[in-house]
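The values are calculated or read from the model by the stated rules, or taken from the named source; none is laboratory data. What you are looking at is a predicted structure, and each value in this text was computed from that prediction instead of being measured. Here Cβ is always computed from backbone atoms with ideal geometry, including for glycine, and neighbour counts include all displayed protein chains. For the accessible areas, the whole protein counts, side chains as well, though only heavy atoms, and no ligand, DNA or RNA atoms are used. Shrake-Rupley method; radii C 1.70, N 1.55, O 1.52, S 1.80 Å.
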Amino acid sequence: MNIIEREKLYSLFRDHEEALGTNRTTITVLQSFINAVKLLRCKREDLLVQYVELIGIIKNTEPRIVPLIHLIEQFETEIEVYADAGYDEIRNQTIRILMQKIELFETMTEKVILAGRQYVMDNDVIITHSASTVVERILIEAKKELGRKFSVIVLKQDFLKTKQMITWLTEAGIDHIIVPEYSLSLQLEKATKMFIGAVSFTHDKQAVAVVGTANVVSFCHINHIPVYLFVKSLKFSHQPCTCQHIYLKVVDMVQDGCVYPLTTHSHDLIDLKLVDHLITENGEIEIGTL
């Protein structure tokens, strides 16, 4: 695979992560791996070579999709046992192992949601910033399963993400308002909490989250609005934030006759010191122990 083909795949991963979020992208990639194995036709000696190339691309996504990488690393270890097996056996074991990884990931997600919904209380006014699958499910289940009466402040950002959040909340019958990020200060008297998810949580205690999240979290922290971060332990990276491959893009813009380069990043970094509660599939973690 040449450099251009690799860059196209990196862009595809990035587009999926931006549109679907980390959780859905992880499941989509693992399922796509399974589908590709079912369709693949090659010599037995080329099969594992194809695996190595694909896995190398997965490990170098921009930004790094940490839970997916952890699951793929587990797959690498487990498939090695069958390195000398026949073609059909390798394919069958590949499918079996990847299906187990999907099941593991989904189980951990459900446990985070189960733990997280306990933090929604009656009369809460919860700030949300991104269309996190986990945050969405926590809010919906707190409403439907626990009967909590609360409302949500949706901070308008990328239209696709904002639209997703509006759709989820409306279908669940959850009271909500939509406000621009820059108008949050006028809503703080009502707010009781902020809920966020993250792409990953780095070794040097930085959360990689949707662009724009850092400003809002900092603002909430200064104004004593507790911030709740919900992540699976699979999102804990062994590497520092400098190794997370946060995508940098510079685009030439033309506006009112002015031409200028606009620099943007795909994600933000949030220092754990700004987070009040860290909840995983094992419940709340004492931040000071990390």
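Quick one: how many Å² of F230 are accessible to a 1.4 Å probe, rounded to 10?
Approximately 0 Å² for this residue.
Please list the equivalent ellipsoid semi-axes of the chain, computed as the square roots of five times the alpha-carbon gyration tensor eigenvalues, in descending order and whole angstrom. Mind showing how you got there, number by number?
Numbers: eigenvalues 254, 113, 58 Å².
That gives 36, 24, 17 Å for the three semi-axes.
Roughly speaking, what is the stretch gain from R96 to N215, that is 0.36 nm per residue apart minus the C-alpha to C-alpha distance, in nm to one decimal?
Result: 38.6 nm gained on full extension.
Just from the alpha-carbon atoms, what are the Rg and Dmax of the stretch 115-250 in angstroms?
Here Rg and the maximum Cα pair distance are 14.9, 47 Å.
Using label points projected 7 Å from each Cα along Cα→Cβ, tell me how many nm separate V49 and D204, to one decimal.
Distance between the two pseudo-spin positions: 3.9 nm.
So what is the accessible area of the stretch 180-276 per residue, in Å², with the probe set to 1.4 Å?
52
How large is the helix-only mean residue ellipticity at 222 nm for the chain, computed as the sum of -39500 (n - 2.57) over DSSP H runs with n ≥ 4, divided by its residue count, in deg cm²/dmol to the nearest 500?
The per-residue figure over the chain is -15500 deg cm²/dmol.
What is the spin-label model distance, in nm, from M253 to R41 if the labels are put 7 Å beyond Cα along the C-beta direction?
Between M253 and R41, the simple spin-label model gives 5.1 nm.
So, with a 1.4 angstrom probe, what is the percent of accessible area on the chain that is carbon and sulfur?
Details: 7880 of 14500 Å².
Reported share for carbon and sulfur atoms: 54 percent.
Residues with beta-carbon under 12 Å from that of I79, excluding I79: net charge, scoring Lys, Arg +1 and Asp, Glu -1? Write down the numbers at each step before the final one.
Values: positive: R91, R96, K101; negative: E73, E76, E78, E80, D84, E89.
Its environment carries a net charge of -3.
Measuring from label point to label point, each 7 Å out along Cα→Cβ, what is the Q31 to Y182 span in nm?
According to this spin-label approximation, the distance is 3.9 nm.
For the stretch 42-146, what's the radius of gyration and Dmax over Cα atoms, in angstrom?
Every Cα atom of the stretch 42-146 included, Rg and Dmax give 19.2, 62 Å.
Would you please give the residues with an amide H less than 5 Å from that of F236, counting only those at least 5 places away or on a separate chain, with H modeled from the backbone geometry?
Amide H to amide H, under 5 Å and 5 or more residues apart or across chains, F236 pairs with F201.
Under unit Cβ charges (Lys, Arg +1; Asp, Glu -1), what dipole magnitude, rounded to 20 debye, does the chain have relative to its Cα centre?
Roughly 420 debye, rounded to the nearest 20.
What are the membrane-span-like helices in the chain by this rule: whole DSSP H runs, Cα extent along the axis at least 30 Å, mean Kyte-Doolittle hydropathy at least 1.6?
Membrane-span-like by this rule: not one helix.
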